[in-house]
Every structure is written in C-alpha cells, then in structure tokens.
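Just below is one structure, and these are the notes that go with it.
The values are calculated or read from the model by the stated rules, or taken from the named source; none is laboratory data. All of these numbers come straight from a predicted model, not from anything done at the bench. Virtual Cβ from ideal backbone geometry, glycine too; neighbours counted across all protein chains shown.
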Amino acid sequence: MIVLDASAILAYMFREASYTEVGKVINHSCLSTVNLSEVLNRFVRDGHDVDEVLRKIQLSPVEIIPFTAAHAAIAARLLPSTQPRGLSLGDRACLALALDRNLPAMTADQTWLELDIAVEIKVIR
C-alpha cells in the first residue's frame, strides 16, 4: 500500500509524462480526503462536474481515507519541519496518513526528498 499525494493522482488522471509510475501502484494506494479535495478543486477549476469526478475516483481502486483528528495532530507537528520547504496542509495531510499507517508516500514534489521525517518518499518526476 502507498499513500498518494494530490500531485501524484493528478499526474495519473491527466496522463502526464510520469503517470505510468502512479499506474504501477494505483491498485494498492490510498488518498486522504484532504488530498481528494485538492484533486476535486483542480477539476472544478477546469470546469468539470465535481460529482462526476468524485464518482470516477470512488469507482477506482484508490482507497479514500478520512482525515481524522489524529491525522490533524500529526500534520500540525510536521509544520515546523515542512514549512521552510513550502509544504501545504494538503502535503502534510498526505504525510500524516503515511506516518499514521507506516506507509510510503508518492508525490510529484521533489522538495519532499529534503524532509527529515520517517516516511519513505517516492517522487514520480
């Protein structure tokens, strides 16, 4: 199992150059509801119907994991070490889920490789 960041699932959905890397793990992946919201926001911004996009994601093999109070606390604790590198709440939500479940995280963001946290980071580009 691997935790997908919004950037990774968007790369997959838009068939960007690195989408095959996500495709290799999509059947064994999960996504925080915070990152789901980021993905949906992108499609709404581009003029797509949010309900249709949500339905497609829910029909996919990606497990959607609710963002819990425990995840919120982990994400908050990550702020001091991630803020200097510009990580957002969504980024920290992904990392919080990975930490909580002791899973690797997949992202398109190279700066995650500079983090000193107990999560295996897989960068797709």
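Worth a mention:
- Applying the criterion of being under 13 Å from Ala108 (Cα atoms) and not aliphatic (A, V, I, L, M) to the residues of the range 16-55, the residue that is surrounded by the fewest Cβ atoms within 10 Å (Cβ to Cβ) is Thr20.
- Considering only residues in the range 5-39 that are among the aliphatic types (A, V, I, L, M) and farther than 19 Å from Leu95 by Cα, the one that is nearest to the chain's Cα centre (by Cα) turns out to be Met13.
- Residue check, Thr82 under 10 Å from the mean Cα position of the chain (by Cα) and touching a residue at least 12 places away in the same chain (Cβ under 8 Å): no
- Test set (1) at pLDDT below 95; (2) of a type outside the set (Gly, Ala, Ser); (3) surrounded by 12 or more Cβ atoms within 10 Å (Cβ to Cβ) - Asp100 fails condition number: (1)
- Residues that are of a type in the set (S, T, N, Q) and in contact (Cβ under 8 Å) with a residue 40 or more places away in the chain occur in the range 15-25; there is at least one.
- Ala17 falls short on exactly one of the conditions (1) in a helix (DSSP H, G or I); (2) modelled with pLDDT under 95, and that condition is (1).
- Scan of the range 99-125 for residues that are without any contact (Cβ under 8 Å) to a residue 24 or more places away in the chain and either in contact with a Lys or Arg (Cβ under 8 Å, 6 or more places away or on another chain) or more than 17 Å from Ser29 (Cβ to Cβ) (or both), ordered by number: Gln110, Leu113, Ala118
- Enumeration of residues in the range 64-86 that are closer than 25 Å to Leu54 by Cβ and either in a strand (DSSP E or B) or among the hydrophobic types (A, V, I, L, M, F, W, C) (or both): Ile64, Ile65, Phe67, Ala69, Ala70, Ala72, Ala75
- Flag: Ala93 does not match the condition of being under 22 Å from His28 (Cβ atoms), modelled with pLDDT of 95 or more and touching a Pro at 6+ places or on another chain (Cβ under 8 Å).
- So Ser7, is it modelled with pLDDT under 95 and either under 24 Å from Leu99 (Cα atoms) or in contact with a helix residue (DSSP H, G or I) (Cβ under 8 Å, 6 or more places away or on another chain) (or both): no
- Candidates in the range 1-14 are the residues that are of a type outside the set (Phe, Trp, Tyr) and assigned to a helix (DSSP H, G or I); of these, the one that is surrounded by the fewest Cβ atoms within 10 Å (Cβ to Cβ) is Met13.
- Residue ID - farthest from the chain's Cα centre (by Cα), chosen from residues in the range 87-125 that are farther than 16 Å from Thr33 by Cβ and part of a helix (DSSP H, G or I): Glu114
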